[in-house]
Every structure is written in C-alpha cells, then in structure tokens.
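The values are calculated or read from the model by the stated rules, or taken from the named source; none is laboratory data. Nothing here was measured: the structure is a model prediction, and the numbers come from that model. Backbone-built Cβ (ideal geometry, glycine too); neighbour counts: all protein chains shown. What goes into the accessible areas is simple: the full protein's heavy atoms, side chains included, and nothing from ligands, DNA or RNA. Shrake-Rupley method; radii C 1.70, N 1.55, O 1.52, S 1.80 Å.
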Amino acid sequence: MNHHIFIISDHIEGGKRITGGEIYRSLMSRNAWGLHSNTATRANFKEGDHLVFYLGGQHVFLGTAVAASGAYVDKTSESDSWFLESGTYRVDLKDIQIWDQPKPIKPLLKKLSFIKNPLHWGAYLQGGVRKIPEADFEAIQTSEDYEVDLSVEKTLSETVIAFNPEAAAYEPHSLKSPERVKLSRIIENVQKGWQIPNFQRYFDWNKEDVRSLLESVFNDYYVGAFLLWESGEDPNLAVEPIKGVAENTHKTDYIILDGQQRMTALYYAIKAPDFPLKGAGKKRCYYYLDLKAFLEDGSREDIVVVKERRLSREDSFGDSLFPFYELESLRSWIDGFEDYLDGQMATEPSGSAQVKSVRRTLEKRLNHVWDGFEVPYVTLPASMDLVHVADVFEKINSKGKPLNTFDLLIARLLKYGTKLKDLWDKACEDYPNIKRYDEESEKTRMAVFQTMSLLYHPAASSKRKDILNIYENLSISGKDQFDEYWKTCIESLDKAISKLENMRDGFGARSPKDIPFMPSLPMLAALIARVGKTDREADGHSKIAEWYWSASITAAYSSGAESQMSSDFREVTLWFDNDNAVPAVVLEARSKVGSLDLLETDEQYSVLYKSVLSLVALAGAKDFETGQNLEHARDNQKDHIFPKATTVGFGSNKHVNSVLNMTWMSA
C-alpha cells in the first residue's frame, strides 16, 4: 500500500476557467479520478493505495480516498465526459472523505518529510501526482490547524516600508562545547540539581526499553546525548524531579530538555524505586547481568535479564546474576561473590587462580559501567528565553505530542502558585459551551489568554511571547489578581460563544466549525468585557456587530491574526467613546460591501462563504421539508437550494455550488 498526493489546479478551456474545486467535487460525486496519459508513475498505482487531494492556488488539502482500482482506460466510454482531456486514465475510488474544513498546508510545512526545503515548498507539489511516506499522509489527515493565509504577498518595497527593527531584533547565544557525564554522576545529579520542566511528558518506557538501554551501556555503545538548559538563579518555569526521585530542596542547576526517558530508565535500574513500568501491571522490575552468559561471551546481546523479584546477595550469587541495584556498592558485592566462588571451587586445582581472573574481569567491566561510561550533553544558556527553548524542545521531541503554548503556561504559572490545569478543568465543568469548544479545538484554551492579554496588556498584545510572560507583561501582583482576571475572561469567553451561536440577535454560527474566523472568539470576549464598562453599552454592542461583519467581509484575519487583533481591539474600544474614530477594517468593509461577488463565492471554507451562511441562518431560513429554522434544528446541514444538474438548476451548472444557492436543510 502506497500513499499519494493528487494535485488539482484550475483548468482553462475556450477562455473559460473551471476551478480546481469544481473539478474535485465533480469527480468525487462519481467516485473516480483521472490521470493524464503522460503521468510517469501511472503504472505504480494499485488498488488499496491511499490518496489525499491537494488544491493548488488555495494551498489546502480537501480530503482523502482509497483507490478501488489501478489506473485504466475506460473502454465503456462511461467516463469520457467526466474528464477534461481525452485519453485520461481512470482510477475508481472508495471510502471518500471530503473534509468540512480543508486543511492548509502552511502549518504542516515543517512536519512533512517530503518537503526538504520549507522556504521553497511549492517546488515539491509540481505535476499531478506526488508519492509521500505514510507518516506524511497521517500528518495531513490528523492536522487540526485551519488558519489559512489568503493574503496577497507584499512587494519588496512594501516590506521595506513596513519593516520594524525591533521585531527583527536578534541576540545570538553562545553555546558551550559538549561535555560528558559518567553514569554515577547522572544518578547523583538527578537526585539533586537536574530536574525536568513541568510540561515534560510522563515516563513511559516498558521493561524491554530499559533492558535494551542497560545492555547498550554495558556494551559501551553510544546512547545519544542529553540536552540541558541552565536554570540561572531563578528558573522561569516550574520544575520537578524525574519519576522515582523524591522531592528535594536542592537548587535546580539544569533543566532536562532531552534525556528524561533515558535518565529515568537508568535511575530505575540502579535505584529500584517503587513504581511499575509501562505494561508490567502493578509489579516492579529488577535488572540483572547474566554472569554465565557474560563469562561465556562478553559481547552477547542478551546478557541483561529482567525479573520481578529482588534477590538477596546470597541468592544473586547462587543464581549467577549481578543486580544493577548493587552498582553503588560494587566492591562489597564483588568481595562476597569472590568468597562464594572460592567456596564452590575449593576442590579444583586451578580454582583459586580462575576465581581471581573472573573477579578482575567482572570488576573492570562493571567499574567502567559505573564510573567510566560517559554520555555527552549540551547545555543551552540561561539567557535563552522560554519561547526559543520551547522551539528547541518541539524539534527534538518531534515523535511525541507537539508542545503548545498552553503546556508551557502550565509549567510557567505553577511557579506563581497558579494551577492552570485545575483552573481549566473547572472552567469546562462550569461552562458547557467552553467544554464543547475545547473538544473541537485546543486553541480554545489559548483564547482565554488572548482575551486576557487584549484586555490588560498595555499594548493589547496577544503574541505568544507576551502571553508566555503574562505575569510580568500584565504586571500581575499575585495569584489573587490572576484569578480575578481569569474569572473575567472565562465569563466573557462563554458570553462570546453564546453571541456567536445566537440565531436571533447574535452572529448565526451553527457550531465552532461554522465560525467565519476563529480569532473572533477572543476578540469578542475582550470587547464584550470592555463594553460592559462603558456608559453607552447598547451602542457599543452595535459597533461590535459592525466590526464583526466588517472583519468577515474583508477577510481581515486571513493572515497576521495576532497583530490584527491588537490593532482592532485598540481601534474598536476607542470607537466606543468616539463615534468619529471608525476602525480601519470597518471603513474598508463599507467601501467593499456593494461590490462583493457572491455568485463566484463557492469555497465552503472561506470567511465570506461562512459569513453569508450565518446571515442566512439569522434571516430565519426554514428547511423545505420540516419548516424548522436553524435555531430549532441545529442538526440541519448546508445544502443546495437548486439541485446539482447539467440541464436544470441554478442558472447554470457552473454556479451550482455558489453560496447564493446554499441554505440550511435537514438530512
């Protein structure tokens, strides 16, 4: 089974443009796809291959399907009229999934391995077909980042004029040369000055993972390097010991960014803390060196064994097993083992000499494991800020769950006594709307902090770097003040959701997926909180509504959402008190609204398309069959007023998918 991207582009025929979206929808309705006769890899397509469809120009993935056949010439001529060119090879499809929200490629550029140079990613999507690894297919299929950049690229002159030196400011960091640390020092350090950030994932190795690492150490293999971050005098995020180490009061010297699993595994084998490994049920595991196997062949790959029982010294001698939990008292154990062997070999003529030879060999090897084997490590300087460290962590942790800003804030705020996870769980418990939106997208969590930053940051900034330092940037005096801000923002966020989904005097969004632009959530929450403190609240709500529809009409949030939010919040709140201070986005919308081309608006994920359907819902459009409007039948789906047909329908088949031909209907 292979995985492929099928690349779609617009087609011009007889001076008329047929959009890629139209081509895609037409062929999906027929459970088929077409391959040009010149497609070099045509013969490689097999039944069962997995396909994902990419719309060039719009830079989005539209959906997936499974090939129900290889590429073949349709001798029945059934599909001749389906394809735009004669001689097209047909591929039958099954298990077609057309996503409600197409997935933009830009947030995926650094995650897709077939794109070697993300700065020039377009070169990797030339032609009609691209074979990709299964991991890339999965990354596309599971992506939940729907922010699409539809903005027009600036010219160089415009970029130079808009250049802000402060935004491009850069202070290089000087990294120390790699150092090395012995196993004995690793165990000592994790009990004292080396700790993990609170956002690190839990230890999740199983007993075979630990056994394999010990065997690599014993055989003097390279086990990878550690990455540490100097903590400085006052770590700017909460830290904790690795699993199994008791809480301590030692000063944190280094924060472990990469190496937690390996350090915990070594600590587990040597200190034998009381917790079970993954997959071992409730039983602890103990690790031993098989001495007979070692003495027979010191380079064997199976000389470390796992048992569920801690052996006494006498039992370990009798079973010919060296416990790794005896490494710290190696000399004492070796002395006892030598005495045991002397007793066993007393009647052998050369027994004493052989016992001494065994002791020397075993002691030398185990001494090297404990106090000779070294692991390299690199340290990041304390001067490197949390944002850069988070980026580094995400890159080295690419196989794990991506680290987001909320994860960092959990650790960051714990330092100030704020248990963010508990606060969020309580918010979801108290406000079902917030819980529902959180289940749709984790970005809902950041909407709270964006709201808080808009309301209380001196420059109304909602940038990631400012949110990560929210206590300092908002001059929060302590936990009580933060809790007060949090309560205000959670309440406002709940009101914003209700406003967005209100079908009478709100904004007519059926669900989170139908909101024209998601940055409207924190913006509305912040504006609702602020307008409640004005003397002209009713007038303020009217202005909020005009801002919302203006931002929708102009697609103001298609790029640079953080900067746009800050600018709009400052301008709209000024407008609350000064009727003449009309925001720029509102002025632009007033000039554009009369020239909108809704007939050509047919891309269902676009801001304008969603906005029109929200207005249709607000107008009380009723389902033809049930007579119910969307307020009373939220399960209704968007569908065509006039059916898809080549001879009858909405003016012409070309515009059948126009938003003007869509309404809310029951299934």
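Of the residues contained in segment 63-72, one or more are found to be open to solvent by less than 60 Å² (accessible area, probe 1.4 Å), within 30 Å of Asp145 (Cβ to Cβ), assigned to a strand (DSSP E or B) and touching a Pro at 6+ places or on another chain (Cβ under 9 Å). Of everything in segment 208-256 that is under 28 Å from the mean Cα position of the chain (by Cα) and polar (S, T, N, Q), the residue that is nearest to Lys364 (Cα to Cα) is Ser231.
In segment 536-627, counting only helices (runs of 4 or more DSSP H) that sit wholly within it, the ones holding 2 or more residues that are open to solvent by 60 Å² or more (accessible area, probe 1.4 Å) span 537-554, 561-577, 584-592. Can you confirm whether Ile161 is open to solvent by 80 Å² or more (accessible area, probe 1.4 Å) and either at pLDDT 90 or above or more than 29 Å from the chain's Cα centre (by Cα) (or both)? Yes.
Of the helices (runs of 4 or more DSSP H) lying entirely inside segment 429-491, those containing at least 3 residues that are over 26 Å from Val389 (Cα atoms) and of a type outside the set (Lys, Arg) span 432-440. Being modelled with pLDDT under 75 and within 26 Å of Thr142 (Cβ to Cβ) is the filter here; which residues of segment 1-42 pass it? Listed by number, the list holds a single entry, Thr41. Within segment 237-265, restricting attention to residues that are more than 23 Å from Val375 (Cα to Cα) and touching a helix residue (DSSP H, G or I) at 6+ places or on another chain (Cβ under 6 Å), the residue that is surrounded by the most Cβ atoms within 10 Å (Cβ to Cβ) is Leu237.
Could you check Lys192 against (1) basic (Lys, Arg); (2) farther than 17 Å from Val375 by Cα; (3) in a helix (DSSP H, G or I) and say which number it fails? It is condition (3) that Lys192 fails. Looking at this structure, is Ala382 modelled with pLDDT under 90, assigned to a helix (DSSP H, G or I) and surrounded by 14 or more Cβ atoms within 10 Å (Cβ to Cβ)? In short, no. When segment 590-631 is filtered for residues that are closer than 23 Å to Lys499 by Cα and small (Gly, Ala, Ser), the ones remaining, listed by number, are Ser606, Ser611, Ser614, Ala617, Ala619, Gly620, Ala621.
Of all residues in segment 241-272, exactly one satisfies the criterion of being part of a strand (DSSP E or B), closer than 28 Å to Ser329 by Cβ and not aliphatic (A, V, I, L, M), namely Tyr254. Suppose we keep only residues that are within 19 Å of the chain's Cα centre (by Cα) and open to solvent by 20 Å² or more (accessible area, probe 1.4 Å) within segment 406-434. Which one would you say is nearest to Ile476 (Cα to Cα)? Filtering first and then ranking leaves Ile410.
The numbered conditions (1) surrounded by fewer than 22 Cβ atoms within 10 Å (Cβ to Cβ); (2) more than 18 Å from the chain's Cα centre (by Cα) are all true for Val448 except (1).
In a helix (DSSP H, G or I) and open to solvent by 10 Å² or more (accessible area, probe 1.4 Å), is that true of Ile528? Against the criterion (in a helix (DSSP H, G or I) and open to solvent by 10 Å² or more (accessible area, probe 1.4 Å)), Ile528 qualifies. In this structure, is Tyr124 within 26 Å of the chain's Cα centre (by Cα), surrounded by 14 or more Cβ atoms within 10 Å (Cβ to Cβ) and free of Cβ contacts under 8 Å to residues at least 24 places away in the same chain? Yes: the conditions hold for Tyr124.
The residue that is farthest from Tyr609 (Cα to Cα), among those in segment 82-121 that are over 29 Å from the mean Cα position of the chain (by Cα) and open to solvent by less than 20 Å² (accessible area, probe 1.4 Å), is Val91. Looking only at segment 43-68, residues that are at pLDDT 90 or above and of a type in the set (Gly, Ala, Ser) come to 5 in all. Within the option set Gly508, Gly540, being at positive phi and not charged (D, E, K, R) holds for one residue only, Gly508.
Kindly indicate the residue of segment 464-473 that is touching a Ser or Thr at 6+ places or on another chain (Cβ under 8 Å) and open to solvent by 10 Å² or more (accessible area, probe 1.4 Å) and also modelled with the lowest pLDDT among those meeting that condition.
Filtering segment 464-473 down to residues touching a Ser or Thr at 6+ places or on another chain (Cβ under 8 Å) leaves 464, 466-468, 470, 473.
Then keep just the ones that are open to solvent by 10 Å² or more (accessible area, probe 1.4 Å); that gives 464, 466, 473.
Numbers: Arg464: 84, Asp466: 87, Asn473: 87.
Filtering first and then ranking leaves Arg464.
The set of residues in segment 563-578 that are closer than 26 Å to Leu596 by Cα and of a type outside the set (Phe, Trp, Tyr) comprises Ser563, Gln564, Met565, Ser567, Asp568, Glu571, Val572.
Which numbered condition trips up Val217, out of (1) in a loop (DSSP other than H, G, I, E, B); (2) closer than 19 Å to Glu374 by Cβ? Failed condition: (1). Of all residues in segment 297-340, those satisfying the criterion of being hydrophobic (A, V, I, L, M, F, W, C) and surrounded by fewer than 17 Cβ atoms within 10 Å (Cβ to Cβ) are Val305, Val306.
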